[in-house]
Amino acid sequence: MLSKNPKVGFIGFGEVAYFFSLGLKAAGIKQIVAYDKALSDPTYSEIIRKRASDANVQLVPSLEELMKQSELVFSSVWGNLALQVTKEAAQFIKPDRIYADLNNSTPTVKEQGAEVINAKGAKFVDIAIFEPPSKERHKVFMCVSGDGAEQFKLVMSEYGMNMELMSGGAGKATTMKTLAKIYYLGAQALYLELAVSARKAGCDIKSLPPLLVKPTVKMPRED
């Protein structure tokens, strides 16, 4: 079980981890640590150190150290590295921990990651965020699924995290995001076709009813 004020760790400290950390610290999370392989790269080390300083986050020297110090681990790396990082982290994870995958990867990768983490007795959360966190920070809308999602929501909602719990295992939240993206892109394509047709017909598209011109795109919900 997560404590009421869990010790948080971020694998990777790019923009998502940085903005989440700023928000979580302001919301009352006391301890956040981070590990990023890029810290050894002169091109990125200064940026990472500045972000950590701004967010009051402690940088640790190894993945093993991060896993030891963290109850709730967020993976925030490039999507193509997500499964590899999960396998590396699983070597050090304890059975009572939660591993939350923030990465922009496929549902299959999330499912495979959950299997790796569950095999160690820990719980997995598939997190799909629906907008950049630069404005809302950790309060950005997200869907969560997986065997650790319910506990994650119970604890982290108290810190303002805005999430919808999806029934089903890991991969479900990411699938919902994919469906929402398809819907949104389809709506854009439809509007473009409408605009082209209106222009050819010599009509002012702005005169059409607002709901037709600017359709409200909502999250697809489960039946």
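The values are calculated or read from the model by the stated rules, or taken from the named source; none is laboratory data. Remember, it's a predicted structure, so these values are computed and weren't measured experimentally. Don't worry about glycine lacking a Cβ; one is built from the backbone with ideal geometry, like all the others, and counts go over all protein chains shown. Note: areas computed on protein heavy atoms with side chains; ligands, DNA, RNA excluded. Shrake-Rupley method; radii C 1.70, N 1.55, O 1.52, S 1.80 Å.
Consider only pairs whose beta carbons are under 9 Å apart and that are at least six residues apart or on different chains; among these, list those whose first residue lies in segment 69-81 and is closer than 18 Å to V144 by Cα and whose second residue is assigned to a strand (DSSP E or B) and among the acidic types (D, E).
From segment 69-81, the pairs are F74/D101; S75/D101; S76/D101.
Does V116 fit the bill of being open to solvent by 20 Å² or more (accessible area, probe 1.4 Å), more than 26 Å from G23 (Cα to Cα), aliphatic (A, V, I, L, M) and touching a residue at least 12 places away in the same chain (Cβ under 8 Å)?
Values: open to solvent by 20 Å² or more (accessible area, probe 1.4 Å): yes; more than 26 Å from G23 (Cα to Cα): yes; aliphatic (A, V, I, L, M): yes; touching a residue at least 12 places away in the same chain (Cβ under 8 Å): yes.
Judged against the criteria, V116 is a match.
I'm trying to understand the selection: among the residues of segment 101-134, which are more than 18 Å from the chain's Cα centre (by Cα) and either part of a loop (DSSP other than H, G, I, E, B) or under 13 Å from F152 (Cα atoms) (or both)?
Initially, segment 101-134 is screened for residues more than 18 Å from the chain's Cα centre (by Cα), giving 115-116, 118-122.
Of everything in segment 101-134, those that are more than 18 Å from the chain's Cα centre (by Cα) and either part of a loop (DSSP other than H, G, I, E, B) or under 13 Å from F152 (Cα atoms) (or both) turn out to be A119, K120, G121, A122.
Only helices (runs of 4 or more DSSP H) wholly contained in segment 1-77 count here; list those with 1 or more residues that are touching a Pro at 6+ places or on another chain (Cβ under 6 Å), closer than 17 Å to A100 by Cα and not acidic (D, E).
Details: elements: 15-27, 42-55, 63-69.
Correct list: 15-27.
Starting from segment 149-167, keep only residues that are closer than 13 Å to A27 by Cα, then list their pairs with residues that are modelled with pLDDT under 95 and open to solvent by less than 30 Å² (accessible area, probe 1.4 Å) whose Cβ atoms are within a distance under 7 Å, requiring at least 6 positions of separation or different chains.
Matching pairs, first to second residue: V155/L2.
Does segment 90-100 contain any residue that is assigned to a helix (DSSP H, G or I), more than 14 Å from K7 (Cα to Cα) and at pLDDT 95 or above?
Looking only at segment 90-100, we keep the residues that are assigned to a helix (DSSP H, G or I), and these are 90.
Applying the additional criterion that residues be more than 14 Å from K7 (Cα to Cα) yields 90.
Okay, now just the ones that are also at pLDDT 95 or above, so 90.
Checked segment 90-100: at least one residue is assigned to a helix (DSSP H, G or I), more than 14 Å from K7 (Cα to Cα) and at pLDDT 95 or above.
Of (1) farther than 20 Å from F130 by Cα; (2) touching a Leu at 6+ places or on another chain (Cβ under 8 Å); (3) of a type in the set (S, T, Y), S76 satisfies all except one. Which?
The single condition S76 does not satisfy is (1).
Quick check on segment 31-53. Is at least one of its residues loosely packed, with under 14 Cβ neighbours inside 10 Å and of a type in the set (D, E)?
yes
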